[in-house]
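Structure first, commentary second.
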Amino acid sequence: MGKRVAIIGAGVSGLASIRSCLEEGLEPTCFERSNDIGGLWKFSDQIEEGRASIYQSVFTNSSKEMMCFPDFPYPEDFPNFMHNSKLQEYITIFAREKNLLKYIQFETLVSSINKRPDFLTTGQWDVTIKKNGKEESAIFDAVMVCSGHHVYPNLPKESFPGLKRFKGQCFHSRDYKEPGTWKGKRVLVIGMGNSSCDIAAELSHTAEQVIISSRSGSWVMSRVGDDGYPWDMMLITRFKTLLKNNLPTAISDWWYTRQMNMRFKHENYGLMPLNGTLRKEPVFNDDLPARILCGTLSIKPNVREFTETSAIFEDGTMFEAIDCVIFATGYGYAYPFLDDSIIKSRDNEVTLYKGIFPPQLEKSTMAVIGLVQSLGAAIPTADLQARWATQVIKGTCTLPSVKDMIDDIDEKMGEKFKWFGKRETIQTDYINYMDELASFIGAKPNIPWLFLTDPKLAIEVFFGPCSPYQFRLVGPGRWSGARHAILTQWNRSLKPMKTRIVRGVQTPCLFFCLFKLLAIPILLMALCFVLIY
């Protein structure tokens, strides 16, 4: 084995990092404070300090063909969108199949990570752990931080005047587990992300009344995409990304808002974002519009102030006799085992090169895996991040100068502000980001070459879903089954739904989708031409 690498956390990012270390001949040791793998996806009835927490009813927002490890498809009978227990089952199968468990030390808390005195020459770290009440330290050549960003809740109580005198119950969505406690109650949910909408929609089936208070609104999408196919298999394609990035801004914005409003008109439901052209991550909820139609759930603006029993909103209306306020207000980024000078944030900006490397470290021996968000799934993103990071740690790949890395961070941050808004500092464009990482290790598929040598595969890769298998077609870590996985991905996605056979499997016609996409921009350009001449 080669260099010793400490991996913090055994969620999907930690498992991807262990596997990538093994692929590169490094020696991984993973420290996990709980007694099992899975991280965020390991459900527990109890709230555990320092660990991510989910509610019992959580389902995935990405479909199985788009969120697998790139050389490890889900069993074909698994549903497209999985309950957290089903995803945990897959994660466990993957870890056992890849023989990763023996590299994990469970019930082990990492209390501190510090540079060695000779860090400038060795790049080594002192890692101090606590296990069974005992503390010990070890020296590692590199550290991969995989502790996630859903651990430390953001609870902005000071932003709501009068909250201290509110007599009802008040807690963060991290502490929510199931709806039974709130039967017949009146509940206010603050925030409008995936968690808040999930919790509010679920509570609205049993509570007397549920209100979501949103400062800026959000687009709400269904997991059911065009013609009933999984949304991400229809939307996350190289062709659509190419159009989005190259159409004139006015046409791109119009097209984007039209797509978001195809299911229902957001302004009619009080959901319309204040800036609808920003590509912020939308909310995925199939039930929310129906619950609003049924009147058991309502959308209100931001809370101006609280009284002992009520909330007064910025439009002057009031929600009275509230039993509970749930703050679904996100999470902060914290690494209590690290000195603040190692991973810095400026004005809530995560200043990591490509979202992974602290740019000002004298040696590139620390990587943060999993601290990005996009419309794409977390598992393939973490896999590709870990593959590049381990090559940097090994010395196969090198990073640019500090100045070049900081300049790149500034440039990318400007692009993020334009596309996602100033609050979404870890948001990124999925396909562009994945291609960029893949190009560093020689794993980016060459589309023009594919059209020349394998047209059938090229059509699926360019016009079809940008599934994780694409990043194991070539380069280090190449998987011989990637081509077959891409050509059969629609069959696996439709298999669990074909429980009553009516006709043969109906996969999308990619050329028809292409025609539909091109028709509107062509008509608009033709209209502009007519008006000009």
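Taking the options GLU178, GLU202, name whichever one is modelled with pLDDT under 95 and more than 29 Å from PHE337 (Cα to Cα).
Details: GLU202 fails: modelled with pLDDT under 95.
Being modelled with pLDDT under 95 and more than 29 Å from PHE337 (Cα to Cα) holds for just one of GLU178, GLU202, which is GLU178.
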Based on what the data block shows, is ILE47 β-branched (Val, Ile, Thr), at pLDDT below 95 and open to solvent by 40 Å² or more (accessible area, probe 1.4 Å)? yes
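Report, by residue number, each residue of the range 276-289 that is open to solvent by 40 Å² or more (accessible area, probe 1.4 Å) and closer than 17 Å to TRP231 by Cβ. Don't jump to the end; show me each part of the working.
Quick first cut of the range 276-289, residues open to solvent by 40 Å² or more (accessible area, probe 1.4 Å) only: 277, 280-281, 286-287.
Result: LYS280, GLU281, ASP286, ASP287.
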Would you say SER147 is buried (at least 21 other Cβ atoms within 10 Å of the Cβ) and farther than 24 Å from TRP219 by Cβ? yes
How many residues are part of a helix (DSSP H, G or I), within 26 Å of SER214 (Cβ to Cβ) and in contact with a Pro (Cβ under 9 Å, 6 or more places away or on another chain) when one looks only at the range 236-282? 4
Leading residue by the ranking (nearest to TYR74 (Cα to Cα)) among those in the range 379-400 that are open to solvent by 60 Å² or more (accessible area, probe 1.4 Å) and not in a helix (DSSP H, G or I): THR396
Considering every residue within the range 416-426, establish whether at least one is closer than 20 Å to LEU242 by Cα, part of a loop (DSSP other than H, G, I, E, B) and open to solvent by 60 Å² or more (accessible area, probe 1.4 Å). no
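Among the residues in the range 310-329, are any touching a Gly at 6+ places or on another chain (Cβ under 7 Å) and over 30 Å from THR60 (Cα atoms)?
Within the range 310-329, the subset touching a Gly at 6+ places or on another chain (Cβ under 7 Å) is 322-325, 327-329.
Of the ones still in play, those that are also over 30 Å from THR60 (Cα atoms) are 322.
Yes, there is a match, as at least one residue in the range 310-329 is touching a Gly at 6+ places or on another chain (Cβ under 7 Å) and over 30 Å from THR60 (Cα atoms).
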Taking the stated definitions as given, is ILE501 open to solvent by 30 Å² or more (accessible area, probe 1.4 Å) and in a helix (DSSP H, G or I)? no
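I need a count of the residues in the range 240-272 that are of a type outside the set (S, T, N, Q) and open to solvent by 60 Å² or more (accessible area, probe 1.4 Å).
Restricting attention to the range 240-272, the residues satisfying the condition of being of a type outside the set (S, T, N, Q) are 240, 242-244, 247-248, 250-251, 253-256, 258, 260, 262-267, 269-272.
Checking which are open to solvent by 60 Å² or more (accessible area, probe 1.4 Å) leaves us with 242, 248, 250, 254, 258, 262-263, 265, 267, 272.
Going through the range 240-272 one residue at a time, the tally reaches 10.
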Output the residue which, of all residues in the range 7-30 that are hydrophobic (A, V, I, L, M, F, W, C) and surrounded by fewer than 24 Cβ atoms within 10 Å (Cβ to Cβ), is nearest to GLY123 (Cα to Cα). LEU26
Could you tell me which residue of the range 297-319 is least open to solvent (accessible area, probe 1.4 Å), considering only residues that are hydroxyl-bearing (Ser, Thr, Tyr) and either assigned to a helix (DSSP H, G or I) or touching a strand residue (DSSP E or B) at 6+ places or on another chain (Cβ under 6 Å) (or both)? SER310
Condition check: more than 25 Å from the chain's Cα centre (by Cα) and β-branched (Val, Ile, Thr). Does ILE292 satisfy that? yes
Filter result (in contact with a Ser or Thr (Cβ under 9 Å, 6 or more places away or on another chain), of a type in the set (Val, Ile, Thr) and more than 30 Å from LYS185 (Cβ to Cβ)) within the range 211-257: ILE236, THR249, THR257
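For every residue, the table says whether it meets (1) touching a Phe, Trp or Tyr at 6+ places or on another chain (Cβ under 6 Å); (2) open to solvent by 30 Å² or more (accessible area, probe 1.4 Å).
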{"site": "SER222", "(1), (2)": "no, no"}
{"site": "ASP227", "(1), (2)": "no, yes"}
{"site": "LEU274", "(1), (2)": "no, yes"}
{"site": "ILE292", "(1), (2)": "yes, yes"}
{"site": "GLY295", "(1), (2)": "no, yes"}
Given the conditions (1) farther than 30 Å from THR507 by Cβ; (2) surrounded by 17 or more Cβ atoms within 10 Å (Cβ to Cβ), and given that THR237 satisfies all but one, which numbered condition is not satisfied? (1)
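Does ASP141 qualify as being within 30 Å of GLY395 (Cα to Cα), crowded, with 19+ Cβ neighbours inside 10 Å and among the charged types (D, E, K, R)?
yes
For the range 363-405, what are the residues that are more than 20 Å from ILE7 (Cα to Cα), modelled with pLDDT of 90 or more and either touching a Gly at 6+ places or on another chain (Cβ under 8 Å) or of a type outside the set (Asp, Glu) (or both)? Spell out how you get there, then give the answer.
The first filter runs over the range 363-405 and keeps only residues more than 20 Å from ILE7 (Cα to Cα), leaving 373-377, 398-405.
Retained after the next criterion (residues that are modelled with pLDDT of 90 or more): 377, 398-405.
Listed by number, the residues that qualify are ALA377, THR398, LEU399, PRO400, SER401, VAL402, LYS403, MET405.
The values are calculated or read from the model by the stated rules, or taken from the named source; none is laboratory data. Note that the coordinates shown come from a computational prediction; the quantities given were computed from them, not determined experimentally. When we count neighbours, we look across all protein chains shown, and the Cβ atoms used for this are built from the backbone with ideal geometry, even at glycine. To get the accessible areas, we keep the full protein, side chains included, count just its heavy atoms, and leave off ligands, DNA and RNA. Shrake-Rupley method; radii C 1.70, N 1.55, O 1.52, S 1.80 Å.
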